[in-house]
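We did not get these values from a lab; they are worked out from the coordinates using the rules stated. Please read all numbers here as calculations on a predicted model, not as lab measurements. For neighbour counting, all protein chains shown are included, and Cβ atoms are generated from backbone atoms with ideal geometry for every residue, glycine included.
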Amino acid sequence: MTAYFARIGYSGRFDPTLKTLNDIVRAHVRTIPFENLDVILGRPIELSPDALARKLVDGERGGYCFEQNGLLLLVLASLGFRVTPLGARVRIGRPRDAVPSRTHLLVRVDLEGEAWLVDVGIGAFSLASAIRLDTPDEQQTPHEPRRIIREGSRLFHQALVGSTWQDVYEFTLEEMPLVDRELANWYTSTHPESHFRHNLMAARALDDGGRVTLLNREFTIRQRSGEAESRCLDTPQELLLTLARHFGLHFEPGTEFPCPGLDWPPG
């Protein structure tokens with residue numbers, strides 16, 4: 001795990017405490033970007049421990065939930081944390097009457113008699129600290145306030161965006177073993193209707209509570225206050241420069257991403 005901690009710039013304690021958990025999670029989301037570029041490039045997404053380390057640590061790349069939270073599961077377990085992988089249905093931008101597929105991985109951490117949720121793989125809503133699972137109260141994080149509310153058998157993770165609570169995902173505390181993660185990962189990365197096949201995405205948390213995000217050609221810098229500035233990238237060269245400068249993602253000059261969402265202007 002030495003290489004992982006060097007990758008995220010972490011030099012703190014390693015005892016399984018809440019402070020250690022929060023410090024590792026915050027360092028992770030500031031350093032390892034959320035991204036789906038290998039999906040766009042048609043490369044397989046592998047979930048073995050060696051593959052995760054090779055890509056996210058040694059290769060200084062990012063990934064999406066199965067990679068990000070899969071790696072975090074391994075790290076926390078190695079430090080003695082009691083961790084459980086959970087599955088969820090992402091609800092960002094979806095109405096309540098929609099039924100999304102169960103294709104998201106998050107992590108439950110049981111610590112000193114309390115249950116916590118950590119999630120470094122939900123893009124622009126990735127958590128920079130753990131939040132309690134057993135309370136509906138508003139919880140402060142280094143970024144947006146969060147809460148977890150229960151409706152019947154379902155739990156909803158919500159973020160306060162402006163003055164509105166928005167659903168991030170729903171879940172039921174059902175464990176998501178590796179066999180289920182492998183199946184969901186295969187669907188997410190290869191199915192023709194998967195939104196990861198149609199849109200280029202990247203996101204990274206900033207030290208000051210802000211975020212940088214990229215959705216196709218739209219690059220956004222968002223402050224912790226919610227203020228945001230966006231601009232549209234005009235060329236493939238500008239995309240490569242933005243990926244390198246703001247997300248630490250380096251590709252060979254001339255790399256092209258065959259993505260329907262990248263509708264480049266003629267020129």
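Only one of ARG82, ARG13, ARG96, ARG26 is basic (Lys, Arg) and either within 20 Å of LEU243 (Cβ to Cβ) or buried (at least 20 other Cβ atoms within 10 Å of the Cβ) (or both). Can you tell me which? Don't jump to the end; show me each part of the working.
Working: ARG82 fails: either within 20 Å of LEU243 (Cβ to Cβ) or buried (at least 20 other Cβ atoms within 10 Å of the Cβ) (or both); ARG13 fails: either within 20 Å of LEU243 (Cβ to Cβ) or buried (at least 20 other Cβ atoms within 10 Å of the Cβ) (or both); ARG96 fails: either within 20 Å of LEU243 (Cβ to Cβ) or buried (at least 20 other Cβ atoms within 10 Å of the Cβ) (or both).
None of the other options fit; the residue is ARG26.
Which is touching a His at 6+ places or on another chain (Cβ under 9 Å), in a loop (DSSP other than H, G, I, E, B) and of a type outside the set (Val, Ile, Thr), of GLY93, GLY121, GLY87?
GLY121 is the lone residue from the list that is touching a His at 6+ places or on another chain (Cβ under 9 Å), in a loop (DSSP other than H, G, I, E, B) and of a type outside the set (Val, Ile, Thr).
Among the residues of segment 1-52, write down those that are basic (Lys, Arg) and either farther than 23 Å from ALA130 by Cβ or in a helix (DSSP H, G or I) (or both).
If the condition is that a residue be basic (Lys, Arg) and either farther than 23 Å from ALA130 by Cβ or in a helix (DSSP H, G or I) (or both), then ARG7, LYS19, ARG26, ARG30, ARG43 are the ones that fit.
If you scan segment 104-124, which residues turn out to be surrounded by 14 or more Cβ atoms within 10 Å (Cβ to Cβ), over 13 Å from the mean Cα position of the chain (by Cα) and of a type outside the set (A, V, I, L, M)?
Within segment 104-124, ARG108, TRP116 qualify.
Does ASP234 count as over 23 Å from LEU86 (Cα atoms), loosely packed, with under 15 Cβ neighbours inside 10 Å, touching a helix residue (DSSP H, G or I) at 6+ places or on another chain (Cβ under 8 Å) and of a type in the set (D, E, K, R)?
no
Would you point out the residue of segment 237-250, among those that are without any contact (Cβ under 8 Å) to a residue 40 or more places away in the chain and under 18 Å from GLY63 (Cα atoms), that is surrounded by the most Cβ atoms within 10 Å (Cβ to Cβ)? Spell out the reasoning first.
We begin by selecting, within segment 237-250, every residue without any contact (Cβ under 8 Å) to a residue 40 or more places away in the chain; these are 237-242, 244-245.
Then drop every residue that is not under 18 Å from GLY63 (Cα atoms), which leaves 239-240, 242, 244-245.
Numbers: LEU239: 23, LEU240: 20, THR242: 18, ALA244: 12, ARG245: 10.
The qualifying residue surrounded by the most Cβ atoms within 10 Å (Cβ to Cβ) is LEU239.
Being in contact with a Gly (Cβ under 9 Å, 6 or more places away or on another chain) and closer than 27 Å to THR17 by Cα is the filter here, so list the residues in segment 61-96 that pass it.
Hits for segment 61-96 are GLY62, GLY63, TYR64, CYS65, PHE66, GLU67, GLN68, ASN69, GLY70, LEU71, LEU72, PRO85.
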